[in-house]
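First comes the structure, then the notes that go with it.
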Amino acid sequence: MGLSVLNDVIDGLIVSAPPGFLPENNTIISYASDGSVKSRFSDDSWVLNSNELRAKSGTIFFLSECDLEAKIFVKYITYLLMFRKKGRRLSDRTLINYSGVVGVIAKFIFDRKCDYFLFFSNQELIKEFFSGASGWQKETAGSIFAALSKLDFSETGFKIVDCEKMFKLKGVDRVYREKLKQHPPLPTRIYSIILTRLSEKIIEWQEIKTEVMHLVSHSYLDKLWGRTKESKLYRKNKPVAGVIYPKFEDVCSENLANYLIKNGYLYSVRGLTSLIGDVQLAVKLTVQAYTGMRDDEASTLPLYCDHSKKFADDEVFWIDGFSTKMNNGQPAAASWITNSTAVDAVKIAQEIAVFISDLIDFDYKDETKNTPLFVSVGYLWGLRPESQRLQPGVLNLATMKKFRKWIQPKIEIDDIKELQQIDLHRAWSAESNFKVGSAWHFSSHQLRRSLAVYAHRSGIVSLPSLRRQLQHLTNAMTKYYARGALFALDFISPWNTDHFVFEWQNASSSSSAIGYIKNVLETDDSISGGHGSWVELRIKSDAQLLTQSRETIVKMFQRGDISYKETPIGGCTSTVGCHQPAINWLSLDCLKSNCKNMVCTSSKLSRLIKCQESFVNQLEVDSIEHKIEISALNVMYEAYKKLS
């Protein structure tokens, strides 16, 4: 199996490359912040350094299943992508993914006993690879080919299939990317349960944290304290003669013991550190839930990332961190609007980070050390800081399976019905992940998608608990994230098109369409008003037309031909600003004039009437206020009669 185009020698191995092009063994790949060398070309792992806050996942490992030639091949292509690629530099995570797929390509070539670098110009081999690769591998390989095709032969030492053919090959599985975008928002019931469980985990931690930290601190400073004679640490550390070392059950309170056992934690010091890790994950998911951050963005938050500011009577909360997108090869600063719930959760993580830092005698106050928000609990087990920096913990649902099992609610039939409102043509119940009675397969990305869809005034969210959970955040995002918002540019860099704000803005039309379909087309309520009456007469009376109208309506919302905003009496479909004064929150003028954009629903109007009746009964009879509110109540009565 040859690497036989142009040859250099590395440790006696002949590899193809232009003379002098292939990096020397001692070529430096990355530096530490203190100027020392992190990685060289010859290393079997390259530590990336674009973001010091990233966890151990910021390392590329070259562990070939094939031969040394394959390893050199993977390193060579990875090097090109790191240092020779045209345009914007790739992020650490993207480089790791690309390197992994190059490894898959190397295994494919090895199995067929082909020349590694001739593969790139062999269209038949490339087609064979694409036909057998997974969707993710096809998409990633296509991006790798596109990047390499922009390099000259003199830069790479090998030819690559021409660009036009390459993009045809890249398109063989473009459907895969579209499918990735089809992550459904969480059904509102499941969404609310997950948010509630995260909140409960944090509240419970507040009640036991003092004792947990006390026990962990003692056990860290004295390796025999709180451990049984059978434990590895007890056997490893010689006990002092005559000293009595308490066991865990001797120092743990009954309340904490019950909590550990009830929640499935080990009844030991190790169980306490696992609990701390779970609390960190609960905080991280809470932050993602109320900001729309991606997983990497939340994982790499700095210690003091939370901020708030008063604007008149309005307090705005935001979190500062780093975008997954690179700006001139460096991780770019980014900010996310959030609410007090997320900020309070961040303070919990800060307490844990400071606790761990103090315990291992690490100066977290030194700003040059970039202490992360989610400091790894591994330091409680004896891990020592490298390069005078603390690493963030690896907090994800894939590895923390007990946490995943705890947070995932069971799917109910109403959840599937709600998903069908979102996408009528997708066979939700036929998919293995959406079986009634099974656990909802939860991923943190669903929090981003759900927030983008539900944090709008579209009337989708009818569940009272979820409305309360999202109310203040919806108001803040409407104020700061909406297109043309006065303060939007303070939070968003125009080049950072990956920021959550754009997903939130793009979801506005689909969110409004879903709210309209749910509350107007498919409601069991009687509806009236200019628009409501038209729907009753022209659409809802014809089942076939109703189904067809769903498709048409979604397109109309996307084009901006129609809008929908929830109101106290139902909804408004006006695409321009309403001329009614802001103080007229009861929509009385709309009711009086039977506004052409109004949708009035019987259930909402009934609730409004009851509230108004209660308010009127509290007023002094024959007072001016009483007369005004009675007049408003009579308008509601008249409108309700038309619905009866």
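What does the net charge come to around Thr341 if you take all other residues with beta carbon closer than 15 Å to its beta carbon, with K and R at +1 and D and E at -1? Spell out each step's value before the answer.
Values: positive: Arg197, Lys201, Lys284, Lys347, Arg467, Arg468; negative: Glu200, Asp306, Glu315, Asp344.
Counting the neighbours of Thr341, the net charge comes to +2.
Mind listing the phi-derived Karplus ³J(HN,Hα) values for the stretch 410-417, rounded to whole Hz, using 6.51, -1.76 and 1.60 with θ = phi - 60°, and x for any glycine or proline?
Once θ is set to phi - 60°, the couplings for the stretch 410-417 become 7, 7, 10, 4, 5, 5, 5, 4 Hz.
Near the amide H of Ala332, under 5 Å away, which other amide H atoms are found, from residues 5 or more places off or on another chain, if H is placed in the peptide plane?
Ser323, Asn327
Fewest first, what order do Asp525, Asp278, Asp152 take by the number of other Cβ atoms within 10 Å?
Asp152, Asp525, Asp278
What is the spin-label model distance, in nm, from Ser593 to Glu638 if the labels are put 7 Å beyond Cα along the C-beta direction?
1.5 nm
What is the set of long-range amide H partners of Leu186 at a cut-off below 5 Å, with H atoms built 1.01 Å from backbone N?
Here Ser450 satisfy the definition.
Which order do peptides 75-83, 153-161 fall in by mean Cβ count within 10 Å, highest first?
Output ranking for 75-83, 153-161: 75-83, 153-161.
For an R0 of 41 angstrom, estimate the FRET efficiency from the Cβ-Cβ distance between Ser131 and Arg607 and round to the nearest 0.05.
After rounding to 0.05, the efficiency reads 0.10.
Residues in the stretch 205-222 near a label at Ile261, defined as backbone nitrogen under 19 Å from the 7 Å Cα→Cβ point?
208, 212
Measuring from label point to label point, each 7 Å out along Cα→Cβ, what is the Asp622 to Arg559 span in nm?
6.0 nm
Taking 0.36 nm per intervening residue step and subtracting the Cα-Cα distance, what contour gain separates Ser614 from Asp152 on full extension?
158.5 nm
Efficiency by 1/(1 + (r/R0)^6): what FRET value for Arg40 and His214, r their Cβ-Cβ distance, R0 = 51 Å, to the nearest 0.05?
0.70
Would you pull out the residues with amide H under 5 Å of Tyr31's amide H, same chain only if 5 or more places away, H placed 1.01 Å from N?
Lys38
State, to one decimal in nm, how far the label point of Asp414 lies from the label point of Val436, with both points 7 Å from Cα in the Cβ direction.
Here the answer is 1.3 nm between the modelled labels.
For the stretch 599-616, what does the Karplus curve 6.51 cos²θ - 1.76 cosθ + 1.60, with θ = phi - 60°, yield as ³J(HN,Hα) per residue in whole Hz, taken in order and with x for Gly and Pro?
Each residue of the stretch 599-616 in turn: 10, 10, 9, 4, 5, 5, 5, 4, 5, 5, 4, 4, 5, 5, 4, 5, 5, 4 Hz.
Which entries in the list Lys284/Lys347; Lys138/Lys159; Lys38/Lys365; Lys479/Lys610; Lys138/Lys405 go over 22 Å, if you measure between the two C-alpha atoms of each? All intermediate terms of the calculation are to be shown ahead of the outcome.
Working: Lys284/Lys347 11 Å; Lys138/Lys159 20 Å; Lys38/Lys365 25 Å; Lys479/Lys610 31 Å; Lys138/Lys405 32 Å.
Too far apart for the 22 Å limit: Lys38/Lys365; Lys479/Lys610; Lys138/Lys405.
Consider a paramagnetic label point 7 Å from the Cα of Val251 along Cα→Cβ; state which residues of the stretch 188-228 have an amide N under 17 Å from it.
Counting backbone N atoms under 17 Å from the label point, the list is 209-228.
What is the sum of charges, Lys and Arg at +1 and Asp and Glu at -1, for the other residues whose Cβ falls under 12 Å from the Cβ of Lys284? Kindly include the intermediate steps, with their values, before the conclusion.
Numbers: positive: Lys201, Arg294; negative: Asp278, Asp295, Asp296, Glu297.
Counting the neighbours of Lys284, the net charge comes to -2.
Coordinate-derived values only; no laboratory data. None of the values given here were measured: they were computed from a predicted structure. Ideal geometry is used to build each Cβ from the backbone, glycine not excepted, and the neighbour counts take in all protein chains shown.
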